[in-house]
Amino acid sequence: MKTYAQNNEAWKQVNALLPEDFRMSENNLPTEETWEWNGNVMHVDRYANPDSKYRLFLHHGVGTNGRQLMMIFGHKMAALGYEVVAMDNLGYGMTEVTQKDVTYDNWVHAFADFVNYETKRDYKKPVLYGLSAGGMITYHASCYMDEVYGIIGMCFLKNDDKTVGEETSKFKGTSWIVVPAMKKLAKTPLRTLMVPMKDVSKMDALTNHPEALKIMMNDPASGGASVQLQFLAQYMTYQMPIPVSKYDKCPILLTQPELDRWTPLKLSEISMKGIKAPYTVKILKDGGHYPMEQTALRQLTDYAAEFIKGL
């Protein structure tokens with residue numbers, strides 16, 4: 001089993017750059033576990049709490065991992081009395097991938113299956129949190145969950161929308177040719193070609209902290225990760241299992257960082273326009289895409305706790 005304790009230093013370096021009262025201490029780290037999905041060894045960070053009514057499931061984006069979400073959010077929510085778990089999806093964090101083909105749909109179903117498994121194994125009301133691409137992943141995956149009580153997202157991106165796709169890609173004005181080309185190549189033996197995410201996305205806007213950005217972009221478990229070409233093709237064209245106009249499984253909270261240079265508020269407004277479910281927007285003052293700013297982090301915890309109490 002690969003662990004953050006033994007196999008990754010990047011999270012420690014970023015953790016040291018967080019505001020002092022948000023740094024995870026060595027004597028209060030999450031336990032590291034594994035869960036098998038389709039033969040893959042999925043890594044899970046957990047703050048267990050047998051007395052909690054709710055279990056928070058955290059999902060990273062394409063530039064982060066589960067441990068990095070625990071750092072800015074998970075350990076604070078655990079301190080408030082919630083059970084918190086964060087799974088590294090295929091190709092990220094400490095998860096060990098055995099399958100040859102990895103698609104975005106695999107990510108969606110792996111997360112949905114994990115939540116369903118955990119809820120049946122030891123019942124607690126599931127609440128989801130997704131950062132960056134993880135926001136819409138939680139939405140997509142929730143469509144296949146037996147139960148879900150609430151979703152908290154840092155942004156929600158409907159990447160098959162032309163405006164959203166253009167704004168989030170590294171090279172504007174190219175999606176009209178790049179996306180169709182990827183769709184064609186995804187049906188050939190080149191589908192498993194590994195593509196660094198920082199070569200095709202605005203990874204230079206991952207965080208507004210320059211030193212942390214360098215660390216994360218050089219970390220193969222987060223901002224320096226690569227994905228298969230077929231994953232990218234499906235990610236850019238994925239159709240919602242339940243359209244927003246019909247989605248009423250649970251309330252949704254958008255916690256939008258104010259100074260997000262990658263996914264500004266307007267992209268979530270486009271993606272979630274006409275949502276049927278109760279939908280609330282809270283702005284995280286001074287926050288970057290991966291927020292490391294003290295005010296933004298405090299507000300994230302406060303808004304999330306307030307949201308869960310109202311479920």
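Numbers below:
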quantity: Probe 1.4 Å, all protein chains present, accessible-area order of LYS100, LYS124, largest first; calculated: LYS100, LYS124
quantity: The chain - percent of accessible surface contributed by carbon and sulfur, probe 1.4 Å; calculated: 52 percent
quantity: Rg(Cα) / (2.2 N^0.38 Å) computed for segment 170-311, rounded to two decimals; calculated: 1.21
quantity: Net charge of neighbours whose Cβ lies under 12 Å from the Cβ of THR301, counting Lys and Arg as +1 and Asp and Glu as -1; calculated: 0
quantity: Heavy-atom accessible area per residue - the chain, 1.4 Å, Å²; calculated: 41 Å²
quantity: For the chain: relative contact order, % (alpha-carbon pairs under 8 angstrom, 6 or more apart); calculated: 18 percent
quantity: Net +/- balance of residues flanking ASN49 in space, Cβ distance below 9 Å, scoring K and R +1, D and E -1; calculated: 0
quantity: Of LYS162/LYS184; LYS2/LYS53; LYS12/LYS285; LYS53/LYS76; LYS120/LYS309, those spanning more than 27 Å from alpha-carbon to alpha-carbon; calculated: LYS2/LYS53
quantity: Sequence-distant aspartates and glutamates (8 or more away, or on other chains) whose Cα lies within less than 19 Å of LYS183; calculated: ASP101, ASP105, ASP160, ASP161, GLU166, ASP199
quantity: Length-normalised contact order of segment 56-210 in % [C-alpha pairs under 8 Å, at least 6 apart]; calculated: 21 percent
quantity: Volume per residue of the C-alpha convex hull in segment 1-148, rounded to whole Å³; calculated: 106 Å³
quantity: Student exercise, the chain dipole from Lys, Arg, Asp, Glu Cβ charges, in Debye to nearest 20; calculated: 820 debye
quantity: Percent of Cα-Cα distances greater than 36 Å, calculated over the chain; calculated: 8 percent
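The values are calculated or read from the model by the stated rules, or taken from the named source; none is laboratory data. Every value quoted in this text rests on a predicted model; they were computed, and no experiment measured them. Counting neighbours? That spans all protein chains shown, and the Cβs are built from the backbone with ideal geometry, glycine included. Side chains are part of the model used for accessible areas, which takes the heavy atoms of the whole protein and leaves out ligands, DNA and RNA. Shrake-Rupley method; radii C 1.70, N 1.55, O 1.52, S 1.80 Å.
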